1. If I model a spin label at B:Lys77 and B:Ala95 as a point 7 Å from the Cα along the Cα→Cβ vector, what separation in nanometres do I get?
2. Suppose we look only past 18 Å in the calculated P(r) of region B:8-132. What percent of the Cα-Cα pairs does that tail hold?
3. Scan region A:418-515 for GluC sites (Glu not before Pro) in coil per DSSP, keeping those whose Cβ has at most 13 other Cβ atoms within 10 Å, and list them by number.
4. Could you give the size of the charge dipole of chain B about its Cα centre, using +1 on the Cβ of each K and R and -1 on the Cβ of each D and E, expressed in debye and rounded to the nearest 20?
5. For peptide B:61-71, compute the average count of partner chain beta-carbon atoms within 10 Å of each residue's beta-carbon.
6. With chain B treated as a Gaussian network of Cα nodes joined by springs under 10 Å, which of B:Asp109, B:Asp66, B:Asp25 yields the largest mean-square fluctuation?
7. Which GluC sites (Glu not before Pro) from region B:1-102 combine a DSSP loop assignment with at most 10 other Cβ atoms within 10 Å?
8. Determine ³J(HN,Hα), in whole Hz, for all residues of region A:494-500 in sequence, where each value follows from phi through the Karplus function 6.51 cos²θ - 1.76 cosθ + 1.60 and θ = phi - 60°; x replaces Gly and Pro.
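Derivation of every value follows stated rules applied to the coordinates shown; laboratory data play no part. All of these numbers come straight from a predicted model, not from anything done at the bench. Glycine gets a Cβ as well: all are built from the backbone with ideal geometry, and neighbour counts include every protein chain shown.
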Amino acid sequence: MEEESDYSYQSSFEEEDLFFEYNHDYQEDLSPSQLEDNSSKDKNNIEIAKFNVLSIQDLIKKKDDLVNRTAQLLDLDNDTTQLLLENYRWKPQKLLEKYMENQEEALFQAGIPQDPKCSDCLQTIPDFTCPIMFESGEDVKFFSLSCNHKFCSLCYSMHISTKINNRIGYRINCPEYKCNLSLKESQIKLLLNDDSELNKYIMIIIQNYVEASDTLTWCPGVDCDKAIELPSFNKVTSRYTVSMVTCSCGTSFCFNCKNQDHRPALCQLLDMWLQKCRDDSETLNWLSSNTKDCPTCKYPIEKNGGCNHITCRNCAYQFCWVCLQDWNKHRDNYSCNIFVESASYEDEELIEVSKKNDIAIDSRKKLERYMFHYIRFDNQEKSIKLAQDLLSRTEKKIDTISKNNGFSWIEIQFLKDAVLTLTLCRNTLKWSFAVSYYMEKNNMSAIFEDNQSDLSCAVEDLNELVESKITPENIDSTRRKILDLTAYVSDRNRIFLSDTMGGYSEDRYKFMVQL
Amino acid sequence: MNDPVPGIQAIPHEDNLRYFSVVIDGPSQSPYEGGHFKLELYLPEEYPMGPPKVRFLTKIYHPNTDKLGRICLDILKDRWSPALQIRTVLLSIQALLSAPNPDDPLSNDVAENWKTNEKEAIETAKEWTAKYAV
């Protein structure tokens, strides 16, 4: 292996395998499952970093590779090296540093005996009684580590399986009270006579390995046991990018936060937004269902009884609860039959009144600002849910059109493509409202909002067109329109996403919150 | 099972041999001196690979126990070793009575009192012993 030459481990250890470069010869021995889904462009047609889908077998192999290489560097056997690596959270650089600094300490911490006597064998000991369950006799085999704490094989295997099943860490020690010595994988294999337990142990090791690694993560898909490897990932860059990966099971998720695609929102923005929604949406719901704003000063008013004649406590404006018009316009009191013409109540002098109530308005404004974004966010979310319905309706439509008009099924697929594109773009729009909520107003945010509204308009146009009636007469022109618009929409989407993501990495945007 | 330990008594229930009634005498020169503290000890299915479950039945004023009589002791939790026995567990509990450890408390108020006003805490422990454990 050539990587020894790279073994100039600097003190920075942001990358797990600083000295094990992901070189080409590594790619060659990948199993097929690692190579699938390795496209460098995603559904949105945006360049994404290369990633691999790893099965449990691949992970075991990867872990063994790491153990192997480290073992060669340390000049130790694999078994011992694995214990050491486990103890240093699978960070070879950290282990190397400590090991070079103080070899004895590193070994002691990991529970490895300094002077390994050969005790890895089961033996019978005449006249010895196991201190745990008091077994003795000629057919009882005893085992001990170099601490010489002897226990019978039955107790040992029960001890090991209890530890495995209770998942108390990866480390299994000698059963003696306060004994720090750790069992190696080969010893556990020897003492456990149950393959399923051994597999559980190996899974614990693998779980530990994946969780300790920055560039590996489990797929969150239901019943999926694959892990994704994203070699280019690191915690620093993840603050201004969103790394989307797709598992072979079809689950697509953000490598950093494991949520579904939330571009163009960054993980932190997503977190804050969802938290805000949890905190505020209930208040909002209550306010919007139980209060109305005073038509002049916008003060929220709850009507908890009485007639429709409302006098605002804040500005003393008298109005009708039903139509929100000036009360004086109601000739016959207590019945409102005036048609509300929007903006008719915006008399200039009334607006003057409203200016007096700055504080109330300020908090109201904040709420309104949130509501503005939340309603749009929520609207897109609901539309995405409806899209499922639209998809099945569209499929039916495709069926009827192709049956009745002699079009081949493939010729009508443009409809389905359009619906899928719609869903994708609506997701972008949805999260873009979380972003614009936090964005401070400046030229850059204006560009962002332009992109946002371009996409939004195009999406609504396309949606309308997809749902329009398609007849044999207009199908040719409709198809052309839909095809064009689909291409345009997905182009807008791509531009919007890549421009925003570029904006993050160039630090173009200012946010009202600390990122 | 081996020689009885002075001041500790553990008798299994007739209908459930995993369940023991335990009495620990308060160690001399401790605020619990003269008290007989009842405990229950249960050997779960995992025993001896997992620790026994022990709890005080007699009310006791001690920083490492709580109102329900549960005990904060490392060997009853993560430091359990199958090489330990009921005997060693009970000895450890007796030792805990001699040397309360307010730095690793289960009852914060008791521990706080123990740290700020040890004299008063010991007085209270004595009172409780006289009131509940005799």
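1. 1.8 nm
2. Values: 3953 of 7750 pairs.
Here the tail beyond 18 Å accounts for 51 percent of pairs.
3. Numbers: sites: A:Glu440, A:Glu449, A:Glu460, A:Glu464, A:Glu467, A:Glu473, A:Glu506; in loops: A:Glu440, A:Glu473, A:Glu506.
Passing sites in region A:418-515 are A:Glu440, A:Glu473, A:Glu506.
4. Details: 14 positive and 19 negative charges, 28 e Å.
With only Lys, Arg, Asp and Glu charged at Cβ, the dipole is about 140 debye.
5. Details: counts 0, 0, 0, 0, 0, 0, 0, 0, 0, 0, 0.
Counting Cβ atoms of other protein chains within 10 Å of each residue's Cβ and averaging gives 0.
6. Answer for the Gaussian network model of chain B: B:Asp109.
7. On the way: sites: B:Glu14, B:Glu33, B:Glu40, B:Glu45, B:Glu46; in loops: B:Glu14, B:Glu33, B:Glu45, B:Glu46.
Of the GluC sites (Glu not before Pro), the ones in loops of region B:1-102 whose Cβ has at most 10 other Cβ atoms within 10 Å are B:Glu14, B:Glu45.
8. With the stated coefficients, region A:494-500 comes to 4, 5, 4, 5, 5, 5, 5 Hz.
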